[in-house]
Amino acid sequence: MKTERIGVSIENSLLKQFDKSISYRGYKNRSEAIRDLIREDLCGRQITNPKVQAIATVILVYDHHATKLMQQLTALQHSHLLKTISSIHIHLAKHECMEVVVLRGRVAEINNIAEKMLSLKGVKLGRINLIPV
């Protein structure tokens, strides 16, 4: 892969903040940090397109005693079996569990399934993390 060198003008105060941030995150140099920022921006733009193929994690924290929640969550995953790649169930407390579901498909399909999961009665908190493939 060919690499091209570029120059960037940045005010001193902003550069100092950037250097502290990348040092805290463990970057060895500015170039790799800037490349990651560019990749993140490009990925963020791609997942705004509902037709783009993506992979996602759907993270749910819920009360496992909520009426029929487990059955509904399982039914959603089975009804979209080709979209569901994997899931993991984690016990957090006496009444709280976390489920991490990995989905694959078009952004619109993933969001549709994930929003159904997040809106189930008994789900206390949820997040969808999309990455284009």
Checking Ile22 against (1) β-branched (Val, Ile, Thr); (2) surrounded by 11 or more Cβ atoms within 10 Å (Cβ to Cβ); (3) assigned by TED's automatic domain parsing to the domain that holds Asn111, the condition it does not meet = (3)
query = Which of the residues spanning the range 112-133 are surrounded by fewer than 13 Cβ atoms within 10 Å (Cβ to Cβ) and farther than 11 Å from Val58 by Cα?
reply = Ser119, Lys121, Lys124, Ile131, Val133
key: Search result, residues across the range 78-111 that are of a type outside the set (Val, Ile, Thr), in a helix (DSSP H, G or I) and crowded, with 16+ Cβ neighbours inside 10 Å   = Glu109, Asn111
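Can you report the number of residues in the range 22-77 which are assigned to a helix (DSSP H, G or I) and of a type outside the set (S, T, N, Q)?
So the first thing to find is which residues in the range 22-77 are assigned to a helix (DSSP H, G or I), and the list is 22-25, 30-46, 69-77.
Imposing the further condition that a residue be of a type outside the set (S, T, N, Q) reduces the set to 22, 24-25, 30, 32-45, 69-70, 73, 75-76.
Qualifying residue count for the region: 23.
Of everything in the range 22-74, what is of a type in the set (Asp, Glu) and touching a residue at least 40 places away in the same chain (Cβ under 8 Å)? Give them in sequence order.
Narrowing the range 22-74 to residues of a type in the set (Asp, Glu): 32, 36, 40-41, 63.
Asp63 - this is the single residue of the range 22-74 that is of a type in the set (Asp, Glu) and touching a residue at least 40 places away in the same chain (Cβ under 8 Å).
The values are calculated or read from the model by the stated rules, or taken from the named source; none is laboratory data. This is a predicted model, so every value here is computed, not measured. Neighbour counts run over all protein chains shown; Cβ positions are idealised from the backbone, glycine included.
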